[in-house]
Amino acid sequence: MSSEVKAGTAAVVKVGKNEVEVTILEIFDNEWLVKSVKSGKSFRVKKLERIIPTPEMPKKKLSLINAACEVLQASGEPLNTREMVERSISAGLWEPTSCKTPEQTLYGSIFREIKEKENPRFRKSTVRKGAFEAVR
């Protein structure tokens, strides 16, 4: 159990006959410095009854253009929109919607960003025709 315990972890300890919900502040060799959630008092304990699992926040999915930007920056090479969409899906950055032609939608979005933004994240590739590069 001690390998999964880190500072900030929620746990339950016994104080007398009572179980107290605490947050772990510091970890020592054979004991923990904890703070009671209810009273706010800090104290040391030698035994944790159980760890309280914290629900992980679901990772928010990115928009297609933001996912494509991340894919381009990670690849370091020019990619066309079809490759960007495929890599975004396989990396779990973007989930396909009911859009029938995400490649064309992405293509239009990239060109709109190049035209309208002062500092666009994309530029047309000079190396590969029909591909885009990330502006670093």
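Can you give the angle from 0 to 90° between the axis of helix 81-90 and the longest principal axis of the chain, with both taken from C-alpha atoms, to the nearest 10?
For helix 81-90, the angle is close to 20 degrees.
Give the whole-number value, in cubic angstrom per residue, of the convex hull volume spanned by the C-alpha atoms of the range 2-51.
Value for the range 2-51: 66 Å³ per residue.
Taking the structure as given and computing Cα Rg over 2.2 N^0.38 Å, which label from (i) 1.75; (ii) 0.98; (iii) 1.65 fits?
(i)
Going highest first, how would you order 77-84, 127-134 by mean Cβ packing within 10 Å?
Ranking the peptides 77-84, 127-134 by packing returns 77-84, 127-134.
Listed here are the pairs 14/41; 38/60; 14/35; 17/38; 17/47; 60/115; which of them are more than 24 Å apart at the Cα?
Where the Cα-Cα span goes over 24 Å, the pairs concerned are 38/60; 60/115.
Here, each number is a calculation from the coordinates, and none is a lab measurement. Being a predicted model, the structure only gives us computed values, none of them experimental. Every residue, glycine as well, gets a Cβ built from its backbone with ideal geometry; the counts of neighbours run over all protein chains shown.
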